[in-house]
Amino acid sequence: MAAIDPNHFFTCDEVNALIPRLEEHFQNFWTLRQNAQVILQKLRKNLKDPQIQNSKDIAGQQIKASQAHFLLERAKKELDFILDMGGSIKDLEIGLVDFPHVLDDAEDEVFLCWKYGEKKVRFWHSLDEGFASRKPLVRKINHH
């Protein structure tokens, strides 16, 4: 997948169309990272155990370390997919992503701010603000 133009400004509809993929990549990231952390915790515990000294045990530990490294590399790729979509990851724990946007009326550059679990992008904040300063998007209603 080609990376999006870094100067691209997203519409709400464009971000909304990406949400299922964003959710999938965050879910994959969290699962891979968790699996790696479980392996690494066991390795740390085993390092403190004086019983694990023979070469077979050490080789097994090295294999486990390689598995954890592989899982973390795959987890990083999940984040790369989000970056390639044009998002800027702001918080890995809650799944927070900003997308460049231009407010209709003011033509101000801002960020559309999406958080994992939100079914649509509903908030924005200025370039020098963050999650705590999110403001609700006001949809224009066309009167016919």
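The values are calculated or read from the model by the stated rules, or taken from the named source; none is laboratory data. It should be emphasised that the depicted structure is a prediction, and the values quoted were computed from it without experimental measurement. Cβ coordinates were reconstructed from backbone atoms using ideal geometry, including for glycine residues, and neighbour counts include every protein chain displayed.
Would you check if residue 75 is touching a residue at least 24 places away in the same chain (Cβ under 8 Å), over 15 Å from residue 19 (Cβ atoms), of a type in the set (A, V, I, L, M) and in contact with a Lys or Arg (Cβ under 7 Å, 6 or more places away or on another chain)? For residue 75, the condition - touching a residue at least 24 places away in the same chain (Cβ under 8 Å), over 15 Å from residue 19 (Cβ atoms), of a type in the set (A, V, I, L, M) and in contact with a Lys or Arg (Cβ under 7 Å, 6 or more places away or on another chain) - is met. In this structure, residue 65 does not satisfy being more than 30 Å from residue 137 (Cα to Cα), modelled with pLDDT of 95 or more and surrounded by 13 or more Cβ atoms within 10 Å (Cβ to Cβ). Pairing each residue of the stretch 81-97 that is in contact (Cβ under 8 Å) with a residue 60 or more places away in the chain and buried (at least 16 other Cβ atoms within 10 Å of the Cβ) with any residue that is in a strand (DSSP E or B) and small (Gly, Ala, Ser), provided the two are 6+ apart or on different chains, yields C-beta distances under 7 Å for 97/88. Would you confirm, using the coordinates I've provided, whether residue 118 is modelled with pLDDT of 95 or more, closer than 27 Å to residue 34 by Cβ, of a type outside the set (S, T, N, Q) and in contact with a His (Cβ under 7 Å, 6 or more places away or on another chain)? Against the criterion (modelled with pLDDT of 95 or more, closer than 27 Å to residue 34 by Cβ, of a type outside the set (S, T, N, Q) and in contact with a His (Cβ under 7 Å, 6 or more places away or on another chain)), residue 118 does not qualify. Would you confirm, using the coordinates I've provided, whether residue 72 is modelled with pLDDT of 95 or more, farther than 29 Å from residue 125 by Cβ and surrounded by 13 or more Cβ atoms within 10 Å (Cβ to Cβ)? Criteria met by residue 72.
Of everything in the stretch 8-42 that is aliphatic (A, V, I, L, M) and surrounded by 14 or more Cβ atoms within 10 Å (Cβ to Cβ), the residue that is nearest to residue 79 (Cα to Cα) is 22.
Whenever a residue of the stretch 23-49 is within 21 Å of residue 96 (Cβ to Cβ) and assigned to a helix (DSSP H, G or I), its partners that are at pLDDT 95 or above and not hydrophobic (A, V, I, L, M, F, W, C), lying with C-beta atoms within less than 6 angstrom and at least six residues away or across chains, give the pairs 25/78; 26/95; 26/116; 28/78; 29/78; 32/74. Note on the stretch 82-115: among residues that are over 10 Å from the mean Cα position of the chain (by Cα) and of a type in the set (Asp, Glu), the one that is modelled with the lowest pLDDT is 105. The number of residues in the stretch 8-17 being closer than 9 Å to residue 121 by Cβ and either outside any helix (DSSP H, G or I) or under 17 Å from the mean Cα position of the chain (by Cα) (or both) comes to 3.
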